[in-house]
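The values are calculated or read from the model by the stated rules, or taken from the named source; none is laboratory data. All figures in this text were calculated on a predicted structure; none of them were measured in a lab. Glycine gets a Cβ as well: all are built from the backbone with ideal geometry, and neighbour counts include every protein chain shown. Ligands, DNA and RNA are stripped out before the accessible areas are found, and what is left, the full protein with its side chains, is counted by its heavy atoms. Shrake-Rupley method; radii C 1.70, N 1.55, O 1.52, S 1.80 Å.
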Amino acid sequence: MTIDDRSQIPSARRIVVKVGSSSISGENAGQIGPLVDALAEAHGRGTQVILVSSGAIATGIPYLSLSERPTDLATQQAAAAVGQNVLIYRYQDSLDRYEIVAGQVLLTAGDMENPTHRSNAKRAMERLLSLRILPIVNENDTVATHEIRFGDNDRLAALVALLVEADLLVLLSDVDALYTRPPQEPGAERIEHVGWDDELEGVEIGSTGSSGVGTGGAVTKVSAARQAAERGTAVVLTSTALVSNALRGERVGTWFAPAPSTAERASGLSTGSVPAVTPGAAAS
């Protein structure tokens, strides 16, 4: 179905939710519980839910006795190998309260570019959803290289939403919405609605996050949101703390309206270009 208005969110057939590293690792690891509560509520009313979760490297850092995110690829891969295991355990431990089973899906940019691999990923996720399993998707950081990686999971989430023809994509961060300028600056105004063809002229959009553990920022989120919206998937951009409100259809965050036609969905799976936005700073 096409979600044209927030009020239709509770009746959505399929939803993709993306959460970033800063929201579920380190001192914010406790947010996994409330996030799972929100996902379980949607799952309980019959919605098929896919979670795209960053955080493998950030979660693995303390187990490698590192004080900050590593910069070399080999150590990033090692941190991801350790952290992904811990991260999935934390999700499953929380999901056990609702008797929901998680299924891990690790993808690379090459998987999404290769028609056979892409088809296999779609088939696997479709089967997991039909079995009422909650797929948890992340980039396969242990094998991805700087040259072929997604670079951020916002883009991965948009591609997954298009791959499985989701009705809604929810992009979570540590900021409650998109703003006309950095929200801490005087005069910053929350943007409640973005049309699918809105160029966002005059809006200053930041290119980096604030936590130091993630790789995305407002530029990647807005680009991912527009990529999905232009191909018929509605998008909500909001904070992790407001995920329950967003999944209930409440007026939180920023709503990216879907294009009226969904004919381009099948052609929207390239991991290459995404719509450009003006650099600056507004959310992360």
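According to a simple spin-label model (label point 7 Å from Cα along Cα-to-Cβ), what is the distance in nm between Gln184 and Ala241?
Result: 1.5 nm between the two label points.
Beta carbons within 10 angstrom, averaged per residue: use that to sort the peptides 33-46, 68-81, highest first.
33-46, 68-81
Taking R0 as 22 Å, what's the FRET efficiency between Leu131 and Arg45 from their Cβ-Cβ distance, rounded to 0.05?
My answer for the efficiency is 0.80.
Of Thr2, Pro70, Ser53, whose Cα points farthest to the positive end of the dipole of region 1-75 (charges on the beta-carbon: +1 Lys, Arg; -1 Asp, Glu; origin at the Cα centre)?
Thr2
Can you give me the C-alpha center-to-center distance between region 59-128 and region 154-194, rounded to a whole angstrom?
When both Cα centres are located, 22 Å separates them.
Just the accessible area for His117, please: 1.4 Å probe, Å², rounded to the nearest 10?
80 Å²
First measure r as the distance between the Cβ atoms of Thr2 and Asn114, then evaluate 1/(1 + (r/R0)^6) with R0 = 45 Å and state the FRET efficiency to the nearest 0.05.
Details: r = 29 Å, r/R0 = 0.64.
The pair Thr2/Asn114 has a calculated efficiency of 0.95.
Put a dot 7 Å past each Cα toward the Cβ at Arg251 and Asp93; how far apart are the dots in nm?
4.0 nm
With a Förster radius of 30 Å, plug the Cβ-Cβ distance of Asn85 and Lys122 into 1/(1 + (r/R0)^6) and report the FRET value to the nearest 0.05. It would help to have the intermediate numbers written out before the result.
On the way: r = 25 Å, r/R0 = 0.84.
Working from the Cβ atoms, E equals 0.75.
So between His193 and Ser11, what do we pick up on full extension, going 0.36 nm a residue minus the alpha carbon distance?
So the extension gain works out to 63.5 nm.
To the nearest 10 Å², what's Asp174's accessible area with a 1.4 Å probe?
80 Å²
How high is the relative contact order of region 1-58, in percent, with contacts defined as C-alpha pairs under 8 Å that are six or more residues apart?
48 percent
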